[in-house]
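To start, the structure under review is shown below, and the notes come after it.
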Number of protein chains: 2
Amino acid sequence: MSDVFRIGLIGCGTIGQGVVRIIQAEAGEIERKTGVRLELARVVDKDPAQAAKVDVPAALVSTNAADVFNDKTINVVIELVGGTTIAKDFVLAALSAGKSVVTANKALLAKHGKEIFAAARRNSCCVAFEASVGGGIPLILPLRTGLIANRINAIYGILNGTCNYILSEMDQKGKSYAAALSEAQAAGYAELDPTLDVNGTDTAHKLAVVASLAFCCDVDFGALHIEGIDQLDAIDLAAGKELGYVCKLLGIAQRTSDGISLRVHPSFVSRKHPLASTGGSFNAISVYGNWVGHTLFFGRGAGSKPTASAVVADIVDIAIGNAGRTFTQCRMLGDVTAPPKYVPMEQLRSRYYIRLEVVDRPGVMAMVTKIFGDRQISLKAVTQHESAAAASDGSAMVVVLTDVAQEGQVQAALKEIGSLDIVREAPVMIRVVEEHEEYPT
Amino acid sequence: MSDVFRIGLIGCGTIGQGVVRIIQAEAGEIERKTGVRLELARVVDKDPAQAAKVDVPAALVSTNAADVFNDKTINVVIELVGGTTIAKDFVLAALSAGKSVVTANKALLAKHGKEIFAAARRNSCCVAFEASVGGGIPLILPLRTGLIANRINAIYGILNGTCNYILSEMDQKGKSYAAALSEAQAAGYAELDPTLDVNGTDTAHKLAVVASLAFCCDVDFGALHIEGIDQLDAIDLAAGKELGYVCKLLGIAQRTSDGISLRVHPSFVSRKHPLASTGGSFNAISVYGNWVGHTLFFGRGAGSKPTASAVVADIVDIAIGNAGRTFTQCRMLGDVTAPPKYVPMEQLRSRYYIRLEVVDRPGVMAMVTKIFGDRQISLKAVTQHESAAAASDGSAMVVVLTDVAQEGQVQAALKEIGSLDIVREAPVMIRVVEEHEEYPT
């Protein structure tokens, strides 16, 4: 005789429908494997037609979330509403009602994780959120348990499938950003309003969630440096390709002797970099631990089936009792850890790809390279290309690859260069990200 | 006040020393994160000098494993002796004494897992074995929890770092098998007696462990088809490379409508295959679930630090209580599951690379291709190369790439071809492994 575990699902969109489908199809198999019988007790959505799409019996469907919170027979609440307003109210209401919560909501956790985890602890509940980062990829789980012996030195993640799809199309087919975005929307990999994906916010939400766990600290979302892919020009991806690079939007969390560095930005990585081969809408996350060395987790970072796979795993983990025990016993979340010291972006040390559109006349190169030299920025390579507009207006495109330099100095140099009257457009800068050292000495 | 969790370590070789080092360096950090204080209670090795290498206090060192089993204050036993004889006695003795066991011993689990798991269950203990497959890569954990909602359709693993290192050297530098093996031994990636690595046995042990978990069945190690890399010729790796392939030793577990297929063999994969880019001594394991789709886990499959990282994670998981709960509640191990139906190797459907050394005279190609045709084996490509010996003895090298065909028919054709007097050497065959379909319809 198995324990019945009754589920209140709030939000029956793409992922919620996936959860319903898994429970319909796999409840028997999951019960056979785990001794837990999952039962859908209530499905709430403002649009009842959503639940009907996946044949939820009408008697279980409601438009009122209170029907979940007030139902004493419901063991767990699944929040798949999204956003940080109503979703927050629902999660806090569920916890107040003594029900543990499973959520895929990275925005909510990145911004209000501390408050939510504290509420869970106060009510002797737990919050499970495997689905919030990397879709179906088990990543939260290893950070909390499988890699527990390690101090995590760094995390590098391709955390947004929409951006990765767009960048892959731009890289492989030479498309413009706008064309690749349209293509992604047509293929269902980008939403109609893709703003939060392409401006880096979604990646930053996910990075905040994993960094908090990996470094056991209370991450302030405002401390993240965030740049998206929406300003990228195909010219730079092509120029980077010539230099052996491919462009990825990376979420990067590094532990340094000066503190924690958290940043999201387009990154040129070598074609041999472990993340270079992650194409299309896939996600991949490299985790560097001081004992385990480099581990990488790859898979579908979004979509109904993969994300629902992670949600259901969390439900089972709560039902068995492991999620609650880990939540209670491990002091790794924002409500029971301290804020970290952050390394300001200006102190970052990196290599830089820089593109300048300059007037093609004698002395220009000398002016530009002098500015870099004055700021102790060594150049690894400088190449002058014929600009697209060269034939008509006598301009030239100069691509500079710096040696490792300090971000603050590079920013200052770019500002100075940008103000020169021989420079026709604001300089373009893309950071070059090397493979992290596996076992730093 | 944290719970103290006392550890009896049996076997203080490479991995055991890594475990000691982690506990020495990280006990405080692990206690802070998990509330569990790990304490080394006893270190047993037939050679006490091993423990001295990592500064284990002499008072804790013993040459007698009974000092662990009889110590009522010891909470968990770590078996890192290796092999399937004494190690088995130790594990059963520990379980009889009511102590849970952590082991990295894939050979032991592949051959005696059923008996050991049953003994653990009888004694209300558990056996944790994350370190047995993929070294530090968390893989057992996701198969037992993070991917629990899925029916696993297939697993493809690069599970032996020694073989992968040798194959990478052969592929990239055109080395012979013997030269690459010597190189691997010199670099510390291969043992002095590498037999169990290079003949595929180690990969097969690991495959048996993960397949049992993934398919929730009692795998009979004898049912695995096993071929190693020790018969590989650099000629074939070069010919495969020309066709766009790289050779990997893969452990493959597939669920088909006819049953479970379990096999270890050198495999040609396309350069775009997800496992193609896993070079050197790294491991990588692709898992295909019916909901999550394709997930891939990558990292260090061996070595002191990574493997010890997994061992310590298991210790913490037992200390917190999660490992025991999962072990007790989930019916996924050999002692509580049924044997699967196996698909005989002859029924495998695959593409094949075949190399023949033939006498270079008219009609030879016709004879060879007729034999394939008679057995309904379609050929995708046939190329005749000048053999290394061609100039002197008039022989030719013929490389055949088949379409998808049945293994039994291919084996029969090769036997027939091999018996022709125009064929100078036994035909060479390497299976071509395609990327698994992510969501089969």
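The values are calculated or read from the model by the stated rules, or taken from the named source; none is laboratory data. Quick caveat: nothing in here was measured; it's all calculated off a predicted structure. Virtual Cβ from ideal backbone geometry, glycine too; neighbours counted across all protein chains shown. When the accessible area is computed, the model is the full protein with side chains, heavy atoms only, and any ligands, DNA or RNA have been set aside. Shrake-Rupley method; radii C 1.70, N 1.55, O 1.52, S 1.80 Å.
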Inset, instruction - Within the stretch A:410-420, work out how many residues are within 28 Å of the chain's Cα centre (by Cα) and open to solvent by 60 Å² or more (accessible area, probe 1.4 Å). - result: 1
Inset, instruction - Would you mind telling me which numbered condition in (1) touching a His at 6+ places or on another chain (Cβ under 7 Å); (2) assigned to a loop (DSSP other than H, G, I, E, B) B:Gly299 fails? - result: (2)
Inset, instruction - Among the candidates A:Gly280, A:Gly321, A:Gly259, single out the residue that is without any contact (Cβ under 8 Å) to a residue 60 or more places away in the chain, surrounded by fewer than 20 Cβ atoms within 10 Å (Cβ to Cβ) and on the phi > 0 side of the Ramachandran plot. - result: A:Gly321
Inset, instruction - Check whether at least one residue in the stretch A:116-129 is touching a Lys or Arg at 6+ places or on another chain (Cβ under 7 Å) and either assigned to a loop (DSSP other than H, G, I, E, B) or open to solvent by 10 Å² or more (accessible area, probe 1.4 Å) (or both), and report yes or no. - result: yes
Inset, instruction - Output yes when any residue across the stretch B:408-415 is without any contact (Cβ under 8 Å) to a residue 24 or more places away in the chain and under 22 Å from B:Ser267 (Cβ atoms), and no when none is. - result: yes
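For (1) in a helix (DSSP H, G or I); (2) within 24 Å of A:Ala234 (Cα to Cα), each residue gets a yes or a no:
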position: A:Arg351; (1), (2): no, yes
position: A:Glu357; (1), (2): no, yes
position: A:Ile371; (1), (2): yes, no
position: A:Gln376; (1), (2): no, no
position: A:Val382; (1), (2): no, yes
position: A:Leu420; (1), (2): no, no
position: A:Met429; (1), (2): no, yes
Legend entry - Subset of the stretch A:194-203 (residues that are assigned to a helix (DSSP H, G or I) and either touching a His at 6+ places or on another chain (Cβ under 9 Å) or within 16 Å of A:Ile285 (Cβ to Cβ) (or both)): A:Leu196, A:Asp202, A:Thr203
Legend entry - Candidates A:Ala120, A:Ala93, A:Ala97, A:Ala149, filtered to the one that is among the aliphatic types (A, V, I, L, M), away from chain B (no Cβ under 14 Å) and closer than 24 Å to B:Ala323 by Cα: A:Ala120
Legend entry - Output for the stretch A:308-318, where each listed residue is of a type outside the set (A, V, I, L, M, F, W, C) and open to solvent by less than 10 Å² (accessible area, probe 1.4 Å): A:Ser309
Legend entry - Residue ID - farthest from A:Gly200 (Cα to Cα), chosen from residues in the stretch A:157-186 that are out of contact with any Ser or Thr (no Cβ under 7 Å at 6 or more places or on another chain) and among the aliphatic types (A, V, I, L, M): A:Ala186
Legend entry - 1 or more residues under 20 Å from A:Ala128 (Cβ atoms) and without any contact (Cβ under 8 Å) to a residue 12 or more places away in the chain: qualifying helices (runs of 4 or more DSSP H) within the stretch A:34-101: A:86-96
Legend entry - Scan of the stretch A:262-277 for residues that are touching a Ser or Thr at 6+ places or on another chain (Cβ under 7 Å), open to solvent by less than 10 Å² (accessible area, probe 1.4 Å) and under 23 Å from B:Pro274 (Cβ atoms), ordered by number: A:Leu275
Inset, instruction - Of the conditions (1) facing another protein chain (nearest Cβ under 8 Å); (2) open to solvent by less than 20 Å² (accessible area, probe 1.4 Å); (3) not in a loop (DSSP other than H, G, I, E, B), B:Ala253 clears all except one; give me its number. - result: (1)
Inset, instruction - Return yes or no: is B:Ile315 at pLDDT 95 or above and within 30 Å of B:Asp3 (Cα to Cα)? - result: yes
Legend entry - Any hit, the stretch B:365-378, residues being more than 14 Å from every other protein chain (Cβ to nearest Cβ), closer than 30 Å to B:Gly289 by Cβ and open to solvent by 20 Å² or more (accessible area, probe 1.4 Å): no
Inset, instruction - Restrict the check to the stretch A:146-157 and report whether at least one residue is more than 26 Å from B:Val36 (Cα to Cα) and either open to solvent by 10 Å² or more (accessible area, probe 1.4 Å) or in the same structural domain as A:Asn199 (by TED's automatic domain parsing) (or both). - result: yes
Legend entry - Residue that is surrounded by the most Cβ atoms within 10 Å (Cβ to Cβ), among those in the stretch B:324-338 that are more than 7 Å from every other protein chain (Cβ to nearest Cβ) and part of a helix (DSSP H, G or I): B:Gly334
Inset, instruction - Kindly provide the set of residues from the stretch B:340-349 that are in a loop (DSSP other than H, G, I, E, B) and loosely packed, with under 14 Cβ neighbours inside 10 Å, ordered by number. - result: B:Lys341, B:Pro344
Inset, instruction - Return a yes/no flag: does the stretch B:340-352 have any residue that is within 9 Å of another protein chain (Cβ to nearest Cβ) and at negative phi. - result: no
Inset, instruction - Within the stretch A:216-233, count every residue that is under 13 Å from A:Ser261 (Cα atoms) and touching a residue at least 40 places away in the same chain (Cβ under 8 Å). - result: 7
Inset, instruction - Go through B:Val219, B:Val246 for me and flag whichever is in a loop (DSSP other than H, G, I, E, B), on the phi < 0 side of the Ramachandran plot, at pLDDT 95 or above and buried (at least 19 other Cβ atoms within 10 Å of the Cβ). - result: B:Val219
Legend entry - Filter pass, B:Lys175 being among the charged types (D, E, K, R), open to solvent by less than 20 Å² (accessible area, probe 1.4 Å), at pLDDT 95 or above and at negative phi: no
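Okay, residues lined up against (1) at pLDDT below 95; (2) in contact with a strand residue (DSSP E or B) (Cβ under 6 Å, 6 or more places away or on another chain); (3) not in a helix (DSSP H, G or I):
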{"residue": "A:Pro138", "(1), (2), (3)": "no, no, yes"}
{"residue": "A:Pro142", "(1), (2), (3)": "no, no, no"}
{"residue": "A:Tyr156", "(1), (2), (3)": "no, yes, yes"}
{"residue": "A:Ser168", "(1), (2), (3)": "no, no, no"}
{"residue": "A:Gln185", "(1), (2), (3)": "yes, no, no"}
{"residue": "A:Tyr189", "(1), (2), (3)": "yes, no, yes"}
{"residue": "A:Leu192", "(1), (2), (3)": "yes, no, yes"}
{"residue": "A:His205", "(1), (2), (3)": "no, no, no"}
{"residue": "A:Ala208", "(1), (2), (3)": "no, no, no"}
Inset, instruction - Go over the candidates B:Val68, B:Val76 one by one and state the one that is over 27 Å from A:Ile152 (Cβ atoms), away from chain A (no Cβ under 14 Å) and of a type in the set (A, V, I, L, M). - result: B:Val68
Legend entry - Positions within the stretch A:15-43 being touching a Gly at 6+ places or on another chain (Cβ under 7 Å) and open to solvent by less than 10 Å² (accessible area, probe 1.4 Å), in sequence order: A:Ala41
